[in-house]
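First comes the structure, then the notes that go with it.
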Amino acid sequence: MDTIIERKSATGTKYKAQVIQKKGGKIVFSKSKTFNRKASANDWSNRIEKEFDEGHVMQSKNDTTVASLEMQVSSKQREAGKTKSQVLKAINSFAIAEYEATSFYVS
């Protein structure tokens, strides 16, 4: 499903095109781009939807968990302080460690 959002700015009106595809109530594909003209935004969103329906465009799925991210941060960091080290290690003891890192959204 595509949506065009009109946004007013100091330099004029911009149009943000969003294409979101859901399957089983979950988002399987999401892409957005901003344009100066509404016609350009419509053309782009229609093209992306068509490519998705034909199977040419897929959302890259990253199965990185919070725990594996914590391990990457710990291994690449020099000397971390005691508090930071404890907090990073403590993350692994909670259920949040098994969540996909890409499943979090800014509210």
Item to complete: Being crowded, with 16+ Cβ neighbours inside 10 Å and out of contact with any helix residue (DSSP H, G or I) (no Cβ under 9 Å at 6 or more places or on another chain) is the filter here, so list the residues in region 33-59 that pass it.
Response: A41, W44, S45, I48, E49, F52
Worksheet item: Can you tell which of S107, S74, S103, S68 is within 16 Å of the chain's Cα centre (by Cα), modelled with pLDDT under 90 and open to solvent by less than 90 Å² (accessible area, probe 1.4 Å)?
Response: S103
Worksheet item: Which residues, taken from region 1-36, are among the hydroxyl-bearing types (S, T, Y), assigned to a strand (DSSP E or B) and modelled with pLDDT under 90?
Response: S9, S30
Worksheet item: If the Cβ limit is 8 Å and pairs must be 6+ apart or interchain, which residue in region 32-57 that is farther than 12 Å from Q21 by Cα pairs with which residue that is surrounded by fewer than 11 Cβ atoms within 10 Å (Cβ to Cβ)?
Response: T34/R7; N36/G12; K38/E6
Practice prompt. Might you check whether a residue that is under 30 Å from S30 (Cα atoms) and in contact with a strand residue (DSSP E or B) (Cβ under 8 Å, 6 or more places away or on another chain) occurs anywhere in region 86-97?
Written response: yes
Response to the item:
Going through (1) modelled with pLDDT under 80; (2) assigned to a helix (DSSP H, G or I) one by one, H56 fails only at (2)
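The values are calculated or read from the model by the stated rules, or taken from the named source; none is laboratory data. Worth saying up front: this structure is predicted, and the values here are computed from it rather than measured. Here Cβ is always computed from backbone atoms with ideal geometry, including for glycine, and neighbour counts include all displayed protein chains. Calculation scope for accessible area: heavy atoms of the full protein, side chains included, ligands and nucleic acids excluded. Shrake-Rupley method; radii C 1.70, N 1.55, O 1.52, S 1.80 Å.
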